[in-house]
Amino acid sequence: MSRTHPGTPLVLNAGLAASIVLASLTGVVAWWGYLRFTFEPIPPEPAEYRSALTAILASAFLLLVVAPLTTLALRGARLLHALVAAGVAVQLGYAWSCLDGARGEPDPGLISSSTYSFTDSALVAVELPTSWPLLAFLLVGLVARLRGPSSPGPR
């Protein structure tokens, strides 16, 4: 990143921190969408718990892989890794809350039970808009790294 303005590192680190916090909410939003946002007053089925669990763990994986790479590519502050750890801890807490429900058997009294798809559930981590800023920062960081350092002289 170019250091042409003295506030650039501060703005960059603030943007990275905000994107990491938003990406940390991805699993929470998936949990709420799968398990709490219902139109009928029936409890969630095991397939919905499995879908939420997969989406939450995919969000944790996104945080564990993409956030550190982005921070390193953009030379962000090391303190951002603490935000990543906190975000992963939040994901793991929500995943823990889904374990009992995911182990259950479907209710035989239901007309049609929900189905579980690993691929569809895992893709939720990148489909939710809360993860998009982090993915955008990753793209910017990769482009900046591939282009290399800019020359210090005038153009």
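Table for the structure above
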| quantity | calculated |
| --- | --- |
| Those residues of the range 25-51 which are aliphatic (A, V, I, L, M) and within 13 Å of the chain's Cα centre (by Cα), in sequence order | 25, 28, 29, 30 |
| Residue among 49, 34, 94 that is in contact with a Gly (Cβ under 7 Å, 6 or more places away or on another chain), modelled with pLDDT under 90, aromatic (Phe, Trp, Tyr) and part of a helix (DSSP H, G or I) | 49 |
| Residue satisfying condition, being assigned to a helix (DSSP H, G or I), among the aliphatic types (A, V, I, L, M) and surrounded by 24 or more Cβ atoms within 10 Å (Cβ to Cβ), within set 57, 63 | 63 |
| Yes/no for residue 138 being modelled with pLDDT of 85 or more and either surrounded by fewer than 17 Cβ atoms within 10 Å (Cβ to Cβ) or outside any helix (DSSP H, G or I) (or both) | no |
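The values are calculated or read from the model by the stated rules, or taken from the named source; none is laboratory data. Just so we're clear, the structure is a prediction, and the values are computed from it rather than from any experiment. Counting neighbours? That spans all protein chains shown, and the Cβs are built from the backbone with ideal geometry, glycine included.
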